[in-house]
1. Between residue 80 and residue 58, how many nm apart are label points set 7 Å from Cα along the C-beta direction?
2. Check which residues have an amide H placed less than 5 Å from residue 134's amide H, if you skip close sequence neighbours.
3. Residue 20's amide H: which non-local residues (gap 5+, or another chain) put their own amide H closer than 5 Å, with H modeled 1.01 Å from N in plane and none for Pro or chain starts?
4. Gap in Å between the Cα centre of the stretch 134-159 and the Cα centre of the stretch 86-106?
5. Within the accessible area of the stretch 89-150, what % is carbon and sulfur when the probe is 1.4 Å and the other protein chains stay in place?
Amino acid sequence: VCVAGTVISLDNSELSADFAAITGKGSDTIAIRESGVAGKMILNTDKGNDTISLNTISIDGDLSVNMGKGKDTLKMETVIVGGFTNILTAACQDTIVFEDSTLEAMFMATGRGDDVVQYTNTTADGLVQMNLDRGNDQMRVASGTTLPTKLIVNGGSGENAMNAQTQVSGNINRQVLSVQAQEPSADLFEQRRKMMDDKVAAANELFLGNPI
């Protein structure tokens, strides 16, 4: 699927192969609901204030999400990923929400900007690594959430915080934990970006997925 400045919507579908949605510059929206993918899923929205919403879907293979520069939002709700999850966003204030999802392992880099990560009841068997890069970033962990055993959060430079929240009788008690403030490796980010570019190029070449 190759479109620019538009909406891609997929509902109640079962795909027997890989699926790729690639949009050009502009404020794009990708919404996938109550669907299954037997292979891998590649989503690339390029520059713009983009939104990706994944709700009640299963992916047997890898999930690759690349959101270019812009104020982007990614929401994964009740998502099961059997392979590796790779999420990249570029400069600007991004919001990423994980809710009631099951992952195998994940690498995420949000790029520069005051980014927000909301994490609720999402599990992973393998390593989960989050690089939030420069900016005053926040990671908000909902009450009752058990974090993955193998979790690395690199806040990058800036005033970063992890908020562990509980709510009792209407009063919110909040504990603020410092997040490791360290410049993420530029080489690591470039390596991940190149991997993503290679996957997008392969998707373009093979025209994977179900054209909409």
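The values are calculated or read from the model by the stated rules, or taken from the named source; none is laboratory data. Because the structure is predicted, anything quoted here is derived from the model rather than measured. Please note: Cβ atoms are built from the backbone with ideal geometry, for glycine as well, and neighbour counts cover all protein chains shown. Side chains included, ligands, DNA and RNA excluded: accessible areas come from the protein's heavy atoms. Shrake-Rupley method; radii C 1.70, N 1.55, O 1.52, S 1.80 Å.
1. If labels sit at residue 80 and residue 58, their model points lie 0.4 nm apart.
2. Those lying under 5 Å, H to H, from residue 134 are 112, 113, 157.
3. 42, 209, 210
4. Between the Cα centre of the stretch 86-106 and that of the stretch 134-159, the gap is 11 Å.
5. Roughly 42 percent of what the probe reaches on the stretch 89-150 is carbon or sulfur.
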